[in-house]
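Presented below is the structure to which this report refers.
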Amino acid sequence: MTATATIRMARTQEPTPNTFWSRLGAAFAMFRNAKSITGLAILGFFVLIAIFADVLAPFSPTQVDNTARFQPPSAEHWLGTTHIGEDVLSQVIHGTRGVIVVGFLAAIIATVIAIVVGVVSGYVRGWKSEGLSALTNVFLVIPGLPLIIIVASMFEQPPLVLIAAVLGITGWAWGARVLRAQTMSLRNRDFIQAARANGEPLRRIIAVEMLPNLMALIAASFVGTVTAAILGLTTLSYIGVIPVNTYNWGTILNWASAQGAFRQNQWWWYLPPGLCIAAIGVALSLINFGIDEYVNPRLRSAGERARAMKKKGLNVNDAVTVVRAPASTHLTTSKDTTA
């Protein structure tokens, strides 16, 4: 037996780690592609701004400078000032905190509910499964924004936590439907049947056996809920449902619209918050595209093929693939053939 065969046999005999943490780490492999990394970098930038808003903002968002009203960007006010001399950059930085808090809090609430309802209803059978499925269908048709308007009208200054809770409670149904369908597919797999035969309790089967295999769908549901919550918050703030003294990007646009910044082309007031909304939307979309590329086998194989072609110096968009002959290959001329 050769040395190569011995090494190959030793590798095949090595036990493959199949612990919970190894499977959990493999589940987060969806964030290792270029799209997910780019999206996470942009999202992390906004998260850092939200955390260190008090340090990064040059002024208080409510500080008034009577000598600098409607001032365009300058050395002192990088993004200009409002109609009463407030610094737009400070308002944008402090507004990031409200957007991030509402987006992530609503997504956490919705994802937890979707996991509990979706996975349990997909694993159990009988009236329990049908009852949870009916509950999901009811929440699918509940309109979120009108409900938030009604709830907000009951408070003089509704807190952002309440807005996030309403967005999360009304936004979990779609994720629960997807998780239920995937769980119904997983419950008949061999490893689930083996865990059930070993007498493992329901909570351990769901937490240890199923959740690592559902992590891609859970992450996609979380990202989608963050996007919907941020758009919902900025929309409600722009139309004036949320108090304008609670700074976020939507309230900045509300003030700019009310003071005629759009008509007077005072772009430094409304363009920065609009670009921030677009940037965080792009970041979340890139993360979602990265997850889709990981989950979908066709997209994953296409991405791997494209990266392999780029490493070889080939153009992915070429209609005809260039075939490179090895340097040692020599063409046979007609004289050689005749000889």
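A few notes on this one:
- Residues of the stretch 170-208 satisfying the condition of being within 19 Å of Val112 (Cα to Cα), of a type outside the set (A, V, I, L, M, F, W, C) and open to solvent by 20 Å² or more (accessible area, probe 1.4 Å): Thr170, Gly171, Arg177, Arg180, Gln182, Arg203, Arg204
- Annotation: of all residues in the stretch 276-293 being closer than 13 Å to Ala228 by Cβ and open to solvent by less than 10 Å² (accessible area, probe 1.4 Å), the one that is nearest to the chain's Cα centre (by Cα) is Leu284.
- Elements of type helices (runs of 4 or more DSSP H) in the stretch 1-103, at least 2 residues being at pLDDT 75 or above: 34-51, 53-56
- Within the stretch 126-169, being of a type outside the set (A, V, I, L, M), open to solvent by less than 80 Å² (accessible area, probe 1.4 Å) and closer than 18 Å to Gly98 by Cα holds for Pro158, Pro159, Gly168.
- Given (1) over 18 Å from Ile109 (Cα atoms); (2) open to solvent by less than 60 Å² (accessible area, probe 1.4 Å); (3) in a helix (DSSP H, G or I), index of the condition Ser221 fails: (1)
The values are calculated or read from the model by the stated rules, or taken from the named source; none is laboratory data. Just so you know, these numbers come straight off a predicted model, no measurement behind them. When we count neighbours, we look across all protein chains shown, and the Cβ atoms used for this are built from the backbone with ideal geometry, even at glycine. When the accessible area is computed, the model is the full protein with side chains, heavy atoms only, and any ligands, DNA or RNA have been set aside. Shrake-Rupley method; radii C 1.70, N 1.55, O 1.52, S 1.80 Å.
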